[in-house]
Each structure stands twice: as structure tokens, then as C-alpha cells.
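Report on one structure; see the data block that follows.
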Amino acid sequence: MEATVVKHTGSHYLLSALPRWDLFPAVLRGKIRLKGSGATNPVAVGDRVRYDFSPQPERNDPETGALSAGESVPTERNPAVITEILPRRNYVIRRSTNLSRQSHIIAANVDRAFIVVTIDFPEVKLPFLDRLLVTCEVYNVPVTIVLNKCDLYGEEHKERMDAFHFIYEGAGYPVMEVSAATGAGVDALRECCKDSVSLFSGVSGVGKSSLIKALDPSLDPRVGEISDAHLQGRHTTTFYEMYRLASGGFIIDTPGIRGFGLVDLRREEIAAYFPEMLRASENCRFTPCTHTHEPGCAVKAAVEEGTISYERYSSYLGMLEDETKYR
Ligand code: GDP
Ligand code: ZN
């Protein structure tokens, strides 16, 4: 039998045979280890697993003789047993700390990541956003950028809004304008979440919790956040959780995550995760080309022509510099 992991509580997992939402407890058979993964959690939310379950017939307690009810579905007393983790289509990890080699898998088999940003209040930091986008490219997770708080932007923000659309749609990322406050654009976002598993990410203050609540008023991500903070005092891991949207689809919130752990990239690999640079680089005279000093570089030419945005290119240069510095 197969199901998807929707929550990890520390002592057990909750599974559901998606798209059905019918949670039941399961434990991990001790032997399962993911080969070669340095992750602190062998099983993550979103993992597809195989499991065994032996129903318990009703029986008399050998001591008291009392008749106990049989269990035909998994319960905490008689949980399902996860026997195998099916191959992942993709996954997103977080480094425990920058220096640590240990990583924590936030979610597996994600159909799309929605990165929530704001043009202002707070102002989005493009190099940070670009790093997040590179990470998603590395993990093979398609991204939609969600521009929240659009109710707050007037004439004075128009130029920045237009520039933002130009930069990111030019790079190939869909940009949706929404307002959790007024509900503008929320129907369209809800529609995008149907029939799939979506990851929601964004720095604190952009309105990610408000947006999740606007998508489905029965969800309140802040409640989970409080208990997670409480748990974090005692354990070092955060438990992520999948929620079902009443309108269809499943979301995984990533509370308290500033960014996903950036995978180790070699300098010459970075540009391949800027999709617009990857496309242009086919016409570079040299391979590999770092798109910095080489003659006949098609990426630099595209930046000069304005078909690749200067902002994205300078994020790229910043990442290149960091890789050089820390190596
Ligand atoms: P989170 O930290 O990303 O989860 O952000 P919250 O959902 O807690 O929102 C941060 C602040 O922004 C709160 O004061 C919200 O009321 C406010 N906020 C969230 N979404 C919107 C929006 O669409 N428009 C406006 N004007 N304020 C918003
Ligand atoms: Zn080049």
C-alpha cells in the first residue's frame, strides 16, 4: 500500500493516500536509511512511501479477560509501518547552519514553490530572491513569484512594480499580483494550487501567513508557528506539515525559513541555474564561460542589449564572488 507523508510529529508520521485526506499514523521500520543523504530526517513531508498494516482482531485481554475492540485501521497503538520510501522527484533542503554539513529535508515531491515577496513594506532584496530562485532551479522545483500587498502600491510604486515584472517575467518566472488584505488575485492563486502540492516561502513580514489564511480561512499557520517555536526550545528540528486547501490542492508552509540551504555549486555551474543566462550562453564563444571577462560572451552582450536584466546579472556576479571568497 502507498501513501504520502503529510506530517511528522516526532514520535510518528501521519500518512494519507493523497488526493484523499484521511490521516493515519505510521512509524518507520528501523532499517530504512536513505543512502548517501546527510539529512537529519530520513523521511520528509511529501514523501511517497510504501507501508504495511496488520489489522488487529478483537481479542480477550490475557490478564483481565476483557474484550478489547479490534483495530481495522492504523491507530497510534497499532500504527502502519513504513517499509520503503519511493524515489523522490525533487526535494528542498535546509542547512542546519551555514557551517554544518547536516541538512534537513523540508519537503519532497513539490509541484511548485510560491515565493511571496513585497515591492515595499518590506522591500524585496533582489539578490536574496535570486539566490532562492537558483536554489529552486537546482532542486528542480518550478517557481511562481507572488507579489503581495498590492493594495498598498500607488503611483509612486509603479516604476518599481513595472521593473520587477520586467526582470522576473523576462527571466521566465510567472509573477502574480495579490493582496491578502483585499483578496485581489487570491482566486487566481487558489486556482494555481489545485491538484498539486505547493510550497510557500517568504521572509517574515511579507504576509505569507495572511495569504495562506486568505486561500483557506480554516487554516491558521500562525497557530502552528507558535507550537513550533515552543518545540524548538527542546528539539533542534522544526516539523513541517502539509495542509489541505478546501478548494483543492495541498500546501506546505515553511515557517521561519529565510532561505533554503544553498547547495554547493561550483563557480562554473552557477550561471546554468539562471534560466535566461543558460539560454543565452549557447552562443558564448568559449565553453565553459563565466560570462565575466571572456571575449565573445553572449550573456554579457544580452545584458548590454537589455534582454538580460542588469539586476539578475549583478546577482549572478555576487554569487560568483561569494563562491570564490569562501573556497
Ligand atoms: P508573514 O510574516 O509573512 O507570515 O506575514 P503576516 O501574514 O504576519 O503579515 C505581516 C503584516 O503584513 C501583518 O501586519 C499583516 O496584516 C500585513 N499584511 C499581510 N498581507 C497584506 C496585504 O495584502 N496588504 C496589506 N496592506 N497588509 C498585509
Ligand atoms: Zn559567456
Checklist entry - If you take just the helices (runs of 4 or more DSSP H) that sit entirely in the stretch 238-327, which of them hold at least 2 residues that are more than 30 Å from Arg190 (Cβ to Cβ) and modelled with pLDDT of 95 or more? => result 275-280, 298-305, 310-325
Next on the checklist: What are the pairs with Cβ atoms under 9 angstrom where one residue, in the stretch 263-291, is free of Cβ contacts under 8 Å to residues at least 12 places away in the same chain and the other, located anywhere, is among the hydroxyl-bearing types (Ser, Thr, Tyr) and within 16 Å of ligand 1 (Cβ to nearest atom)? Sequence gap at least six, or different chains.
Outcome noted: none
Checklist outcome for this item: Of (1) in a loop (DSSP other than H, G, I, E, B); (2) in the same structural domain as Gly205 (by TED's automatic domain parsing), Val73 satisfies every one except (2)
Item to check | Among the residues listed as Gly46, Gly65, Gly10, the single one being at positive phi and surrounded by 15 or more Cβ atoms within 10 Å (Cβ to Cβ) | outcome: Gly46
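The values are calculated or read from the model by the stated rules, or taken from the named source; none is laboratory data. Predicted, not measured: the structure shown is a model, and the values here were computed from it. Methodologically, a virtual Cβ is constructed for each residue, glycine included, from the backbone with ideal geometry; neighbour enumeration extends over all protein chains shown.
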